Amino acid sequence: MRDFLIAGNWKMNGSSAANEALLAGIVAGVPGGSGFSLLVCPPYPYIASVAARVAGSAVKVGAQNVSEHESGAYTGEVAPSMLADLGCEYVIVGHSERRAMYGESSFQVAAKFQAAQAAGIVPILCVGETLEEREAGTTESVVDYQLGAVLDAAGIAAFAKAVVAYEPVWAIGTGMTATPEQAQDVHRHIRAQLSKKDADIAAQVRILYGGSMKGENAAGLLAMPDIDGGLIGGASLKAKDFLAIAEAAARS
Ligand code: PEP
């Protein structure tokens, strides 16, 4: 049985005061029940204070990116062991903004995935197609390529301690959510690809949906058999919006 994971990617937003207000709202409003976990991924400078603020609550802390290197002359980078030291349990790797704006290749993403796991952090591997790729009918091959780079490097066993996030690029920050059926088709495909390598691992890996998920569409998406939670950008920045998604997970 796969529990839902509702993960907030704050991107480059926040301040000490804004984070305090947001977390006070989230911590106070975590829905009762079981079968789901909540995660927030603040910008690096706030990880330590956010981890201290949510300690003892049901909210976990993650990061939005990580270096593929463990230490050394990599100016501006943050090592996986540093994230672990600060209390991060998860890290997002391969977000489409990093692939597109910072030129991260699928091979680099695979190296980040492995480096995170070596430090005991669960990677959330993002995959997804652009609008042009969807319209050209290449969604599955794009996702296969992105997933394949990590499978080749890390092997299927690594997916026992990993999360996959299907994030159609055309749905991120645009308000254009994939329909539950569109998302389910790709989630089913991802699980089938993993299943070719190991059916047991494929059955237990969580596959999140990301792309304009909000309170109004969360229940429909989370009702799909292969959707195991959400990676949420915009709607993770207001406690009320984030909690509305958490409540949909708690009910599903
Ligand atoms: C994201 O950036 O991962 C994301 C899903 O953003 P949004 O929810 O704003 O579309």
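The values are calculated or read from the model by the stated rules, or taken from the named source; none is laboratory data. Worth saying up front: this structure is predicted, and the values here are computed from it rather than measured. When we count neighbours, we look across all protein chains shown, and the Cβ atoms used for this are built from the backbone with ideal geometry, even at glycine.
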Q. What do you reckon, is Ala202 over 22 Å from Leu23 (Cα atoms) and small (Gly, Ala, Ser)?
A. yes
Q: Return the residue satisfying two criteria in turn: it lies in the range 157-177 and is surrounded by fewer than 18 Cβ atoms within 10 Å (Cβ to Cβ) and more than 13 Å from the ligand (Cβ to nearest atom), and of such residues it is farthest from the chain's Cα centre (by Cα).
A: Ala157
(Q) Please go through the range 191-212 and give me each residue that is closer than 19 Å to Leu131 by Cβ and either among the aromatic types (Phe, Trp, Tyr) or touching a helix residue (DSSP H, G or I) at 6+ places or on another chain (Cβ under 6 Å) (or both), ordered by number. (A) Tyr209, Gly211, Ser212
Q: Considering every residue within the range 131-145, establish whether at least one is touching an Asp or Glu at 6+ places or on another chain (Cβ under 9 Å), more than 22 Å from Val169 (Cβ to Cβ) and not aromatic (Phe, Trp, Tyr).
A: no
Q | Elements of type helices (runs of 4 or more DSSP H) in the range 141-244, at least 3 residues being among the hydroxyl-bearing types (Ser, Thr, Tyr) and in contact with a Leu (Cβ under 8 Å, 6 or more places away or on another chain) | A | none
Q) Among (1) more than 16 Å from the ligand (Cβ to nearest atom); (2) out of contact with any Pro (no Cβ under 9 Å at 6 or more places or on another chain), where does Gln184 come up short? A) (2)
(Q) Just to be sure before I move on: is Glu247 more than 19 Å from Cys41 (Cβ to Cβ) and either within 10 Å of the ligand (Cβ to nearest atom) or touching a residue at least 60 places away in the same chain (Cβ under 8 Å) (or both) in the structure I sent? (A) yes
**Q.** Qualifying residue in the range 193-201 (condition: within 12 Å of the ligand (Cβ to nearest atom), modelled with pLDDT of 95 or more, of a type outside the set (D, E, K, R) and more than 15 Å from Arg2 (Cβ to Cβ))
**A.** no
Q | Residues of the range 65-103 classified as hydroxyl-bearing (Ser, Thr, Tyr), in a loop (DSSP other than H, G, I, E, B) and more than 16 Å from the ligand (Cβ to nearest atom), total | A | 4
Q) Any residue at all in the range 52-74 that is of a type in the set (D, E, K, R) and touching a Leu at 6+ places or on another chain (Cβ under 6 Å)? A) yes
Q) Can you name every residue in the range 96-122 that is surrounded by fewer than 19 Cβ atoms within 10 Å (Cβ to Cβ) and of a type in the set (D, E, K, R)? A) Arg98
**Q.** Filter result (touching an Asp or Glu at 6+ places or on another chain (Cβ under 7 Å) and either over 24 Å from Ala218 (Cα atoms) or not charged (D, E, K, R) (or both)) within the range 1-46
**A.** Phe4, Leu5, Pro31, Gly35, Phe36, Ser37
Q: Give the number of residues within the range 98-126 that are in contact with a Cys (Cβ under 9 Å, 6 or more places away or on another chain) and either under 21 Å from Gly211 (Cα atoms) or modelled with pLDDT under 95 (or both).
A: 4
